[in-house]
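K.L.:
My questions all concern the structure below.
The values are calculated or read from the model by the stated rules, or taken from the named source; none is laboratory data. Quick caveat: nothing in here was measured; it's all calculated off a predicted structure. Cβ: placed from backbone, ideal geometry, glycine included. Neighbour counts: every protein chain shown.
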Amino acid sequence: MQTNLGQTAPRTLSERILRGRWIGKVLLVALLAYAAWAVGRQAVQAPALFMEQVKNGLQLGFVYAMIALGYTMVYGIVRLVNFARAEVRDLLALATGVGKTFVAVSLIRRIAHAGQLRRAHRRCLPSVPQARQ
């Protein structure tokens, strides 16, 4: 004979909801209903754009599927994940290039901002000796 020591089953609907058994499911259904409504609204308002986005999503999904299939095959044969694949190398190169671009743009903006501050300072305080150029 088994007994549940210290564990009592929730009896009412409010107790079950408070214990968290239905909250996640209700929120998921609400989220899915909102997503379906939003997608349907976009499909009605701009059908050409909607179909183009569907095509773009399918293309990107197929690319992800092919990469995943390649990793699965390599891991299944060698039992080692090979990070020297061309996709990983290209993705890291892209991320590095984007990072370098952001750093360069940030530096250019800071240098330009510093020059503007220097000019504004010279206009406000003309008696301060200026450096020779």
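K.L.:
When only residues in segment 35-46 that are small (Gly, Ala, Ser) and part of a helix (DSSP H, G or I) count, which is nearest to LEU91 (Cα to Cα)?
P.N.:
That would be ALA35.
K.L.:
Further, regarding this structure: Pairs needed: first member in segment 31-51, free of Cβ contacts under 8 Å to residues at least 12 places away in the same chain; second member anywhere, surrounded by 10 or more Cβ atoms within 10 Å (Cβ to Cβ) and small (Gly, Ala, Ser); C-beta distance under 6 Å; at least 6 residues apart or different chains.
P.N.:
PHE50/ALA43
K.L.:
From the list LEU49, LEU60, LEU80, LEU32, which one is outside any helix (DSSP H, G or I) and at pLDDT 75 or above?
P.N.:
LEU80
K.L.:
Moving to a separate point now. So THR96 ticks every box in (1) surrounded by 10 or more Cβ atoms within 10 Å (Cβ to Cβ); (2) assigned to a loop (DSSP other than H, G, I, E, B); (3) modelled with pLDDT of 75 or more but one. Which box is left unticked?
P.N.:
Checking THR96 against (1) surrounded by 10 or more Cβ atoms within 10 Å (Cβ to Cβ); (2) assigned to a loop (DSSP other than H, G, I, E, B); (3) modelled with pLDDT of 75 or more, the one that fails is (2).
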